[in-house]
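The structure under discussion appears below in the form of structure tokens.
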Amino acid sequence: MINEDALRTYLFKEFSNALAVDIRKLGSGVQGSGFLVEVKLPSGVQSYVVKKLLSEGLGHDYPSDRAAVFLLDLDEYKNLPKHVAAIDVLAEHENGSIQPIGGGREYYLLMEKVEGQDYFVDLGGFARKDRLSAPDIGKIRSMSAYLASIHAVKKDSRELYWRKIRDTIGHGECLMGVFDTYPDGVMSYEDMAEIEKLCVDWRARLKPRAGRLCQIHGDFHPGNIWFKTEKEAEDFDFVLLDRSRGPWGDAADDVTALTINYLFFSLRTHGTIKGSFLEALHLFFEQYVSLSGDDELYEVLAPFFAFRGVVVANPVFYPEVTQEVRTKIFKFVRKVLSIDKFEVSRVIEYIK
């Protein structure tokens, strides 16, 4: 939980003319919880969100781990188009007060509140469709165009590219760290190690491709993509949440974070990859590669797909997923790690 009394004291100090401060929990996810904060002023109500990370697992075990995540958020949210703004990092101290960050025992991120509907809602709707609707197509075009535009911003740094590949495999929030959250009995340690070793081999293959380093979101999955209310059929604007794990990396990180969900939701719904989900997968890749000109993308996707596959197959994150679906996801992961180039047209073969 969050220390509501200390947070109220802090906010009344920051907003000296505040009439009242209301705090209520929005919900919890696999990494932490969010709280809605409404500050009532003479001029009206200002709304914010406070985020708190869980204190165990995913590389967040020490207070300094959690502080590092939020300090990076504070630095980088403002640098990405369409991203929600981070306002401050707050520290809770031993005496229960919220003060400057030095010496804190727990940390919180204060950020803007956004309105809209996350893309998971759209994916859920695909299950009832054989074909994509015009709004479905419009949203996919909007997301692919956005990614192509931010990925066009390049940076010359072999060190940062190598770090991104290393983090994707070994960071507490990424492949190895997510595996460490699996309950015993779901998958053997040996099977986990097999996938980890294949990803390490891919690290050696990707090291010479440091020229691919570009601006990324870092966690471009459906829960972080909130579409605004649709006013016109051609207007599919959205706002983003939770940019994480650094502002630079490979475009494949963002592409796989989104597209793994077309496979995942189709497997959950149909047991295979077909219908509107398959159409969405083809459309996204066609649009993105056409706009970005990144034909090399298909040659570097494998370890990023592996990380995202490990995420969606995790029974802690998705307890409703059947063992049959989980098995197909890992067939997909092993297959893409064993081939030189990903081919969208062969994706159904990859789960057999």
Notebook entry, point to check: Which of the residues belonging to segment 202-222 are in a helix (DSSP H, G or I) and either small (G, A, S) or exposed (fewer than 14 other Cβ atoms within 10 Å of the Cβ) (or both)?
Noted result: A204, K207, P208, A210, G211
Note to self: Take V316 and tell me if it is among the hydrophobic types (A, V, I, L, M, F, W, C), touching an Asp or Glu at 6+ places or on another chain (Cβ under 8 Å) and surrounded by fewer than 19 Cβ atoms within 10 Å (Cβ to Cβ).
What the structure shows: no
Note to self: Whether any residue in segment 178-187 is in a helix (DSSP H, G or I) and under 26 Å from P247 (Cβ atoms) is what I want to check.
What the structure shows: yes
Next item on the list: Being under 17 Å from E112 (Cβ atoms), of a type outside the set (V, I, T) and at pLDDT below 90 narrows it down to one of L53, L26, L58, so name that one.
Entry: L26
Notebook entry, point to check: Just to be sure, is R105 at pLDDT below 85 and farther than 26 Å from G249 by Cβ?
Noted result: yes
Check: For segment 92-121, which residues satisfy the criterion of being within 15 Å of D242 (Cβ to Cβ) and not in a helix (DSSP H, G or I)?
Finding: Y108, L109, L110, M111, E112, K113, V114, G116, D118
Next item on the list: Would you mind telling me which numbered condition in (1) of a type in the set (K, R); (2) touching a Leu at 6+ places or on another chain (Cβ under 9 Å); (3) at pLDDT below 95 R334 fails?
Entry: (3)
Note to self: Within segment 60-70, does at least one residue satisfy the condition of being under 30 Å from A204 (Cα atoms), without any contact (Cβ under 8 Å) to a residue 12 or more places away in the chain and over 22 Å from the mean Cα position of the chain (by Cα)?
What the structure shows: no
Note to self: Going residue by residue through segment 235-256, is there one that turns out to be basic (K, R) and in contact with a Cys (Cβ under 8 Å, 6 or more places away or on another chain)?
What the structure shows: yes
Notebook entry, point to check: Before we move on, is Y108 in contact with a strand residue (DSSP E or B) (Cβ under 8 Å, 6 or more places away or on another chain) and under 21 Å from G309 (Cα atoms)?
Noted result: no
Notebook entry, point to check: Where in segment 9-91 are there strands (runs of 3 or more DSSP E), lying fully within it, with 3 or more residues that are buried (at least 19 other Cβ atoms within 10 Å of the Cβ)?
Noted result: 32-41, 44-53
Next item on the list: Specify the residue that is farthest from V255 (Cα to Cα); the eligible residues are those in segment 120-156 that are in contact with a Phe, Trp or Tyr (Cβ under 7 Å, 6 or more places away or on another chain) and hydroxyl-bearing (S, T, Y).
Entry: S142
Check: Would it be correct to say that V310 is under 14 Å from I260 (Cβ atoms), assigned by TED's automatic domain parsing to the domain that holds G211 and touching a residue at least 24 places away in the same chain (Cβ under 8 Å)?
Finding: yes
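The values are calculated or read from the model by the stated rules, or taken from the named source; none is laboratory data. Treat the numbers as computed from the prediction; the structure is a model and nothing was measured. Backbone-built Cβ (ideal geometry, glycine too); neighbour counts: all protein chains shown.
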